[in-house]
Each structure stands twice: as structure tokens, then as C-alpha cells.
Amino acid sequence: PISVIALVIILSIWMFFLPVSKPEAAKVDKPQMPAATEFNFENYLNGLNEQLDSAELTEINQLHAEINSKHDTTDMRTLGELYDSLKRPSAAAYYFEQRAAIIKSEQSYLEAAYRYFDAYKTSGDSLVRSEMLNRAIENYSQVVKLNPDNLDAKCDLGVLYVEGTGAPMQGITLLREVVAKKPDHENAQYNLGLLSMKSGQYQKAIERFETVLKINPARAEMYVYSAQAYLQLGDTAKSLINFQSFVSNSDDEETKQQVRDFMQKLMHGNN
């Protein structure tokens, strides 16, 4: 999730210059995965391992040798958890995925999926991000196939389709299915709000953000999102009310001061 400080800075600049995109009624939105590129996971892992110290690498090599000889799912989990402790979500996901291929359970696929999601979010390399995205989608799809009522997995899958593929409507459909089943699903409501902002449906976005606040009043940053949406609608008064609500409900003193400064500019007509 975006930090509150980044949120204020990004939205203050981004939302004022964001082009409004209108959906094309006749367009059929088909899944388009990122273009296939050659990616060798073993070579990628070797590159990650080169960054580790000798003790860590020795332990990894021992576990890797055990896995190659016995294909034991316990060793796969142990190696995956070791990579977790080293903050290497992509490598951890790889071994949890190997484990899932043997166990084939909802939980085993989920353990691989959310790690790939983390790796997708944190990688700065486009080739790696594409690979992590595809593998996250594959594993989340297995989770949802085994249990269509796993709404958290369906929500994450929807976000991945929207953010990383040429099939945003497929992702939006999944998110809508989640809120239809569970209207108080916080993450789905939040992401649908962001999508409404991006498509220029600011009133719908406000309704989503207000719903998030009803579900979780502690998410004070929703007031900032709503404030920006009201600005896009030309309602400075309601925007200021929401900015003030953020100031009143947030514990982040640094960001609160940034918001106060921005409010002063709004009140003086310099927005």
C-alpha cells in the first residue's frame, strides 16, 4: 500500500493532470499477458544468491541439494522461509510454488501467490516484474479455482489483472464480484475507488472511499483521496472538509503539516 506521505505528494501532482479515460462500449477486453520474454529462474536465483554471505549461501546450497535429491516438500518450505527471512520474496515464492505443484492445495498455492505478488510490487526490473506478475496470476488463479469463495485471493487477482495486464475489465469484474459477495471487503472497495478515480468517475470514487472509512475508520488517508476527488469535481469546500478530517484523524504529524500547507494554498486560490 502507498504510504500516506507518498499519497499526499503523488495525488497533489498526479490527480490535477490525470487524463480522464472513457470506457469504450464496443471494445471487448480480452486477457493480454505481458509479452513473453526469456526468463531463467535458476539464473535469476544464482544472481540473488551472489548477494548473500557465505553462511547463508551454505545453508541454501544444502537445502537445495536436499530438494534436488528427495523433492521433499518440508525442505521446500524450509528453503522458502529462509528466503523470507532474507527478504527475498521472489526466491521464497519459487520454492513455495514447487511445493504447491506437489501438494496442489488452496493454501499451498496461496503461499506462493502472495509472495509473487510482493515480489511483483517491489521489483524495479521490468523483466522480473513481468515474470512475478505472471506467476502470481497463475497461483492466485489456482487458489480461486479450488475455492471461489476465497475473496482475498480473488481481490488480489483482480488487482494484478488491472495493474499489470491488458485486461483491466477482467480485474474489475473480479473486484466487483468480491464486493457483491462481501460489501465490507476493505481492499476491494479501496481498489475500486482508485479505479474510479483513474477513469474520472469521481463521485463513485468518493462513495468507495467513504465505504472504506466505514469499514475501517483508522484509514485516515481515505479523506485525502476523497478530498482530491472533490477537487476534480470542482467542490473546494468539500475538499477542504475532507483534508481537515484527515488532519483531525491522522497521527502522522509530518503529513498533517503537508496537508495544512496544501489547504492554505487552496483557501488562497493557489491550487
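With semi-axes √(5λ) of the Cα gyration tensor in Å as the read-out, I listed [x] 24, 23, 19; [y] 36, 18, 17; [z] 40, 22, 17; which label goes with the value calculated from this structure?
It is the value labelled [z].
Once Lys and Arg get +1 and Asp and Glu get -1 on their Cβ, which of A205, Y94, A55 lies farthest toward the positive end of the dipole of the chain?
A205
From zero up to wherever the largest Cα-Cα distance of the stretch 101-217 sits, split into 5 Å bins and tell me the percent of pairs in each.
Computed distribution, short to long bins: 2, 13, 20, 22, 19, 14, 8, 2, 1, 0.
Would you mind checking the tilt of helix 126-146 against the longest principal axis of the Cα atoms of the chain, expressed as 0 to 90 degrees and rounded to 10?
Approximately 90 degrees, to the nearest 10.
Hey, rough spin-label estimate for D152 and I102, points 7 angstrom out along Cα→Cβ, what's it come to in nanometres?
Output for this residue pair reads 2.5 nm.
Just order 123-129, 112-118 by mean Cβ neighbour count inside 10 Å, highest at the front, would you?
Numbers: 123-129: 12.9, 112-118: 24.4.
Top of the packing list down: 112-118, 123-129.
³J(HN,Hα) across the stretch 83-97 via Karplus (A = 6.51, B = -1.76, C = 1.60, θ = phi - 60°), whole Hz, x for Gly/Pro?
5, 4, 5, 8, 6, 10, x, 5, 5, 4, 4, 4, 7, 5, 5
Extending each Cα 7 Å along its Cβ direction at E186 and K265, get the distance between those two points in nm, one decimal.
Label-label distance for E186 and K265, simple model: 3.0 nm.
Treating the angle as unsigned and between 0 and 90°, give the value, to the nearest 10°, between the Cα long axis of helix 54-70 and the longest Cα principal axis of the chain.
The two axes meet at around 60 degrees.
Nearest 10 degrees, 0 to 90: what angle lies between the long axis of helix 221-232 and the longest principal axis of the chain (Cα atoms)?
50 degrees
When the solvent-accessible surface of protein heavy atoms is calculated with a 1.4 angstrom probe, in what order do V224, V162 fall, highest first?
Values: V224 0, V162 35 Å².
Result of the area sort, largest leading: V162, V224.
For an R0 of 41 angstrom, estimate the FRET efficiency from the Cβ-Cβ distance between K204 and F39 and round to the nearest 0.05. All intermediate terms of the calculation are to be shown ahead of the outcome.
Details: r = 38 Å, r/R0 = 0.93.
Using R0 = 41 Å, I get an efficiency of 0.60.
Treating the beta-carbon of each Lys and Arg as +1 and of each Asp and Glu as -1, no other charges, what is the dipole magnitude of the stretch 102-173 about its Cα centre, to the nearest 20 debye?
Values: 7 positive and 10 negative charges, 23 e Å.
I would put it at about 120 debye.
Under 11 Å from the Cβ of H64, count the other residues' Cβ atoms, weight Lys and Arg +1, Asp and Glu -1, and hand me the total.
Numbers: positive: none; negative: E42, E59, E66, D75.
Residues near H64 contribute -4 overall.
Between N216 and E59, how many nm apart are label points set 7 Å from Cα along the C-beta direction?
For N216 paired with E59, the spin-label model returns 3.1 nm.
The values are calculated or read from the model by the stated rules, or taken from the named source; none is laboratory data. Just so it is clear, the structure is predicted and the values come from calculations on it, not from any experiment. We place every Cβ from the backbone using ideal geometry, glycine too, and count neighbours over all the protein chains shown. Ligands, DNA and RNA are stripped out before the accessible areas are found, and what is left, the full protein with its side chains, is counted by its heavy atoms. Shrake-Rupley method; radii C 1.70, N 1.55, O 1.52, S 1.80 Å.
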